[in-house]
Amino acid sequence: MARDEEKKSLDEIIEEALKDAPKFEGYTIKELAEITDTPWPTTRWHLELLEARGVVEHLEIGRAKLYYLKKKKDEEK
């Protein structure tokens, strides 16, 4: 490392790493309930049906679940 360059702080390193962090796309049950103007228990029930049919998937982040359309095998390639 050249003397002109300052050593980066841990905060700076983390900020740079997070700039390229993966983005999660999807909606929570609450967000979908608001979008559809439907009570969240009804929305949750329909999401469970769609997930059982293989239409949607979810990703758990802490206590929240993000729902998104399941990718077809052709789209994954």
Next item on the list: Quick one: what are the phi-derived ³J(HN,Hα) couplings along the stretch 12-22, Karplus 6.51/-1.76/1.60 with θ = phi - 60°, whole Hz, x for glycine and proline?
Entry: 5, 5, 5, 4, 5, 5, 6, 4, 9, 5, x
Item checked: Cα-Cα separations in the chain greater than 21 Å, expressed as whole percent -> 49 percent
Checklist line | Label-point separation in nm, LYS72 to LYS23, each point 7 Å along Cα→Cβ | finding: 2.4 nm
Next item on the list: May I have the count of lysine pairs in the chain with C-alpha atoms under 22 Å apart, counting pairs 8 or more residues apart or located on different chains?
Entry: 10
Checklist line | the chain: calculated mean residue ellipticity at 222 nm from DSSP helix runs of at least 4, using -39500 (n - 2.57) | finding: -12500 deg cm²/dmol
Next item on the list: May I ask for the longest run of the chain untouched by GluC sites (Glu not before Pro) that are loop-located per DSSP and have at most 12 neighbouring C-beta atoms (other than their own) within 10 Å?
Entry: 26-77
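FYI, it's all coordinate maths here, none of it is from the lab. Just so it is clear, the model here is predicted, and its values are computed rather than measured. Cβ sites come from the backbone with ideal geometry, for glycine too, and all protein chains shown count toward neighbours.
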